[in-house]
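> Please see the structure below; I have some questions.
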Amino acid sequence: MLYTSTRDKSIKVSSSEAIAHGISAEGGLFVPESIPQITMDDIVRLSKLDYIGRAKEILSLYLTDFTAEEIDACVRGAYEEGFSSEKVAPLHTLTKGTEILELWKGPTCAFKDMALQLLPHLLTVASSKSTPDKEIVILVATSGDTGKAALEGFKDVKNTRILVFYPNDGVSPMQKLQMTTQEGSNVGVCAIEGNFDDAQSGVKKIFTDKAVAAKLEEKGMMFSSANSINWGRLVPQIVYYVSAYCDMLEKGAINAGDEINVVVPTGNFGNILAAYYAKEMGVPVKKLICASNANNVLTDFLKTGNYNRVRDFYTTISPSMDILISSNLERLLFLLSDMDDALVREWMGSLSKDGSYRVNDEVFAKLTTLFDAGCCDDEGTKACIAKTFSENAYLCDTHTAVAVSVYDDYKAVTGDETPTVIASTANPFKFGKAVLDAVRPGMSDGMDEFDMVLGLKVETGEDCPPQLANLKGKTPRFTGCCKKEDMEQVVFDMLK
Ligand SMILES: *Cc1c(COP(=O)(O)O)cnc(C)c1O
């Protein structure tokens with residue numbers, strides 16, 4: 001299996017090279033040249049395996065230059081310990097026919113752990129194959145959850161350094177504390193004045209700057225990415241959609257071959273793209289339902305074919321989805337245009353120049369067949385948390401609530417009763433204030449983050465994961481905040 005770039009189809013690299021480099025030199029994203037297929041018999045067989053067994057099989061279809069032993073070691077290293085559920089990504093039945101896929105049982109309580117517990121292992125193997133003797137410098141732009149999950153995944157991993165930039169006013173207090181108290185000798189964290197898109201475009205600029213790359217080369221270092229632009233972030237996410245279908249079979253929620261819908265609270269379009277890959281591999285998915293918060297650029301795009309990021313940016317209570325440039329959409333457009341790199345270049349060029357592009361009729365027709373989309377503002381999100389808690393005795397975080405709410409709307413409009421998996425992307429205690437405000441309005445007034453955690457515990461009877469509760473009283477190690485223009489300097493200061 002070779003990988004090519006969304007902006008230059010003549011590029012062909014191995015999966016190791018794609019993962020070690022993170023992004024293609026001309027700015028495109030790596031995608032596999034074809035999508036491996038699994039049959040329903042395969043899926044039935046996989047359903048008898050545990051998560052690790054399922055992951056090993058799916059990954060081996062994509063990472064063909066990894067040996068079976070290497071994949072085994074990577075997958076065990078990622079999922080054998082560190083997840084609080086034996087099933088790694090368990091299903092919780094919300095109502096008959098609606099399953100919540102809990103992707104936040106990992107060390108940082110967000111779905112990013114699913115990929116970022118595995119990526120450092122993949123990257124270590126990949127770079128030993130394709131870029132030996134180089135120290136890898138991971139640069140991360142985060143809307144909150146990626147940063148912590150990446151720091152936790154890469155801390156003290158040999159031959160790597162990791163530096164995380166987050167928007168100073170764009171993450172929850174708990175997320176900020178998680179990052180600024182990070183331990184490890186190879187880590188750095190810095191806030192920037194700006195929003196997530198500023199952080200992401202700043203990181204992308206440093207990445208593709210030839211002069212910066214040359215300076216790094218002199219030090220025997222090279223950049224790579226832990227953002228979902230790296231294929232090594234996406235491939236682990238395909239696994240849990242296959243696994244969710246297996247678990248639905250196992251619990252008798254569906255019969256082999258039945259279709260399911262998948263609902264995903266979406267920001268950078270990585271998670272839902274992984275669901276698309278699972279569908280194209282052979283998992284019977286009827287609709288992929290893309291859920292957004294007030295930053296509903298994707299809702300508009302999937303309904304009109306016109307992507308326009310020139311609009312107000314909202315800071316919401318689901319901050320990991322406060323994104324107006326969804327990077328992974330580029331991969332989908334490449335696939336849906338039958339790998340037309342020239343078209344993708346044109347659309348992405350127009351996005352960076354004018355802030356918008358319109359896809360052609362052919363691609364738009366495919367989009368509307370595959371996807372449905374909806375959005376939900378903060379009021380709707382809180383209302384959904386309260387309703388889901390009182391009616392279904394299930395406490396969900398703000399991001400998950402966006403998905404539940406959009407799914408409720410979808411069902412009301414379409415009457416579609418297809419069994420459905422809703423991706424749940426964070427533990428509710430990670431966004432304690434908003435969740436407490438939703439279930440007990442007014443109670444959080446005057447409380448600090450940890451009073452709120454306690455309040456939420458008392459009010460709901462749910463337990464706060466120890467890795468969040470233990471942050472109380474920790475002193476931040478990293479307190480810096482820089483301007484967008486100074487990010488490059490911060491990087492080199494850290495690498496000294
Ligand atoms: C990252 C994140 C999302 C968005 O996922 P994408 O892959 O960027 O679309 C949603 N919810 C939470 C809690 C996240 O951390």
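Bear in mind that the values in this text are calculations on the coordinates, not laboratory data. In this text, all values refer to a predicted model and were calculated from it rather than measured experimentally. Using ideal geometry, Cβ is built from the backbone for each residue, glycine included, and neighbour counts are taken over all protein chains shown.
> Give me the Kirkwood hydrodynamic radius of segment 273-354 in Å, from all C-alpha pairs, to one decimal place?
Result for segment 273-354, one decimal place: 14.2 Å.
> Using the Cα atoms of segment 67-184, I'd like the radius of gyration and the largest Cα-Cα distance, Dmax, both in angstrom.
Considering segment 67-184 through its Cα atoms, Rg and Dmax are 15.9, 54 Å.
> Excluding Ile35 itself, calculate the net charge of residues whose Cβ lies under 10 Å from the Cβ of Ile35, where each Lys or Arg counts +1 and each Asp or Glu counts -1.
-1
> Looking at the chain, send over the antiparallel percent of its DSSP beta bridges, to the nearest 5.
Around 25 percent antiparallel, to the nearest 5.
> Taking H as built 1.01 Å from N, whose amide H comes closer than 5 Å to the amide H of Gly28, not counting residues under 5 places away?
Counting only residues 5 or more places away or on other chains, the set is Arg7.
> Give me the lysines in straight-line cross-link reach of Lys210: C-alpha distance below 22 Å, same-chain residues under 8 apart excluded.
Excluding near neighbours in sequence, the set is Lys9, Lys12, Lys134, Lys219, Lys353, Lys483, Lys484, Lys496.
> Can you divide the C-alpha Rg of the chain by 2.2 N^0.38 Å and report the result to two decimal places?
My calculation over the Cα atoms of the chain gives 0.91.
> Follow-up question, since we're still on this one. Suppose only helical runs count, i.e. DSSP H with n ≥ 4. What mean residue ellipticity at 222 nm does that imply for the chain under -39500 (n - 2.57) per run, divided by all residues and rounded to the nearest 500 deg cm²/dmol?
-14000 deg cm²/dmol
> Give the peptides 206-218, 132-144, 179-191 in descending order of average Cβ contacts within 10 Å, highest first.
Listed from highest to lowest mean packing, they are 132-144, 179-191, 206-218.
> I would also like to ask the following. Under a Cβ-Cβ cut-off of 12 Å, what is the net charge of the residues other than Ala274 that fall near it, where Lys and Arg count +1 and Asp and Glu count -1?
Every neighbour counted, the sum reads +2.
> Quick one: the Cα spread of segment 1-135 along its three principal axes, in angstroms, biggest first?
That works out to 48, 33, 28 Å along the principal axes.
> Still on this structure: List every DSSP H helix in the chain whose Cα atoms extend 27 Å or more along the helix's own long axis and whose mean Kyte-Doolittle hydropathy is at least -0.5.
231-250
> Then there's this: Using the 2.2 N^0.38 Å rule of thumb for compact globular proteins, work out how segment 68-129 stacks up: its C-alpha Rg over that value, please.
Taking N as the residue count of segment 68-129, the ratio is 1.31.
> Now for a separate question. Could you put Lys105, Lys48 in order, starting from the residue whose Cβ has the fewest other Cβ atoms within 10 Å?
Lys48, Lys105
> If I take every Cα pair under 8 Å that is 6 or more residues apart in the chain, average their sequence separation and divide by the length, what percent do I get for the relative contact order?
In percent, rounded to a whole number, it is 19.
> Okay, moving on. What is the distance in Å between the Cα centroid of segment 48-113 and that of segment 391-442?
Value for the Cα centre distance between the two parts: 22 Å.
> Going through segment 343-452, which GluC sites (Glu not before Pro) have at most 13 other Cβ atoms within 10 Å and a DSSP loop state?
Here the GluC sites (Glu not before Pro) that fit, given the DSSP loop and packing criteria, are Glu417.
> Here is a further query. Residue by residue through segment 16-30, which ³J(HN,Hα) values in whole Hz follow from phi under the Karplus form 6.51 cos²θ - 1.76 cosθ + 1.60 (θ = phi - 60°), with glycine and proline marked x?
Result, ordered by residue: 4, 5, 4, 6, 5, 7, x, 9, 6, 4, 8, x, x, 9, 6 Hz.
> Going from the alpha-carbon gyration tensor of segment 166-319, what semi-axes, largest first and in whole Å, does one get by taking the root of 5 times each eigenvalue?
Sorted largest first and rounded, they come to 33, 21, 17 Å.
> Roughly how many Å is it from the Cα centre of segment 292-366 to that of segment 249-276, as a whole number?
22
> Give, as a single signed number, the net charge of other residues whose beta carbon lies under 11 Å from the beta carbon of Glu183, with Lys and Arg counted +1 and Asp and Glu -1.
+1
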